[in-house]
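The structure under discussion appears below in the form of structure tokens.
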Amino acid sequence: MEEGAIIKHDIKKAPRTGDWRYMKPEVDKNKCIGCSTCVPFCPEAAITVERGTQNAERSGKKRSTIRDPRYASIDYEYCKGCGVCAEVCPTKAILMKKN
Ligand code: SF4
Ligand code: SF4
């Protein structure tokens, strides 16, 4: 047990809720500003915000030309498609699509 009021969620011990998914969230990396607003709202702790170096390299642009190289990444083994992340995203960077 963790000290204090927050119990850390260990996603590796959680049931793989990705099989439940009917709708799939997709992150538009051109719209995502890496703000992490969506992260604490995800009930499955399936979102991480990562540095986008690989993305930047793939696009052929220098990192300095990219407005913000951080973007949300979703673990589809655990994402159950509830759509909360799409609702709370301030830039509407997450679109829910049929799985
Ligand atoms: S759709 Fe729901 S479960 Fe999936 S990443 Fe978004 S908030 Fe998390
Ligand atoms: S998907 Fe939206 S809420 Fe999540 S980090 Fe990107 S801009 Fe922020």
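In table form, for the structure just shown:
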{"item": "Looking only at region 32-47, and only at residues there that are assigned to a loop (DSSP other than H, G, I, E, B) and more than 8 Å from ligand 2 (Cβ to nearest atom), the one that is most open to solvent (accessible area, probe 1.4 Å)", "result": "Pro43"}
{"item": "Pairs, first within 21 Å of Asn30 (Cβ to Cβ) and assigned to a helix (DSSP H, G or I) in region 81-98, second open to solvent by 70 Å² or more (accessible area, probe 1.4 Å) and within 12 Å of ligand 2 (Cβ to nearest atom), C-beta under 7 Å, six or more apart", "result": "Cys85/Phe41; Ala86/Leu95; Val88/Phe41"}
{"item": "Residues (surrounded by fewer than 16 Cβ atoms within 10 Å (Cβ to Cβ) and in contact (Cβ under 8 Å) with a residue 24 or more places away in the chain) located in region 8-20", "result": "His9, Ile11, Ala14, Arg16, Trp20"}
{"item": "Residues located in region 70-80, provided they are among the hydroxyl-bearing types (Ser, Thr, Tyr) and not in a loop (DSSP other than H, G, I, E, B)", "result": "Tyr71, Ser73"}
{"item": "Pair list, Cβ under 6 Å, 6 or more apart: region 21-34 residue within 11 Å of Ala72 (Cα to Cα) and among the acidic types (Asp, Glu), other residue open to solvent by less than 40 Å² (accessible area, probe 1.4 Å) and within 13 Å of ligand 1 (Cβ to nearest atom)", "result": "Asp28/Ala93"}
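The values are calculated or read from the model by the stated rules, or taken from the named source; none is laboratory data. Quick caveat, the model's predicted, so the values are computed rather than measured. Positions of Cβ are backbone-derived with ideal geometry, glycine not excepted, and every protein chain shown enters the neighbour counts. Surface accessibility is based on the protein's heavy atoms, side chains included, excluding ligands, DNA and RNA. Shrake-Rupley method; radii C 1.70, N 1.55, O 1.52, S 1.80 Å.
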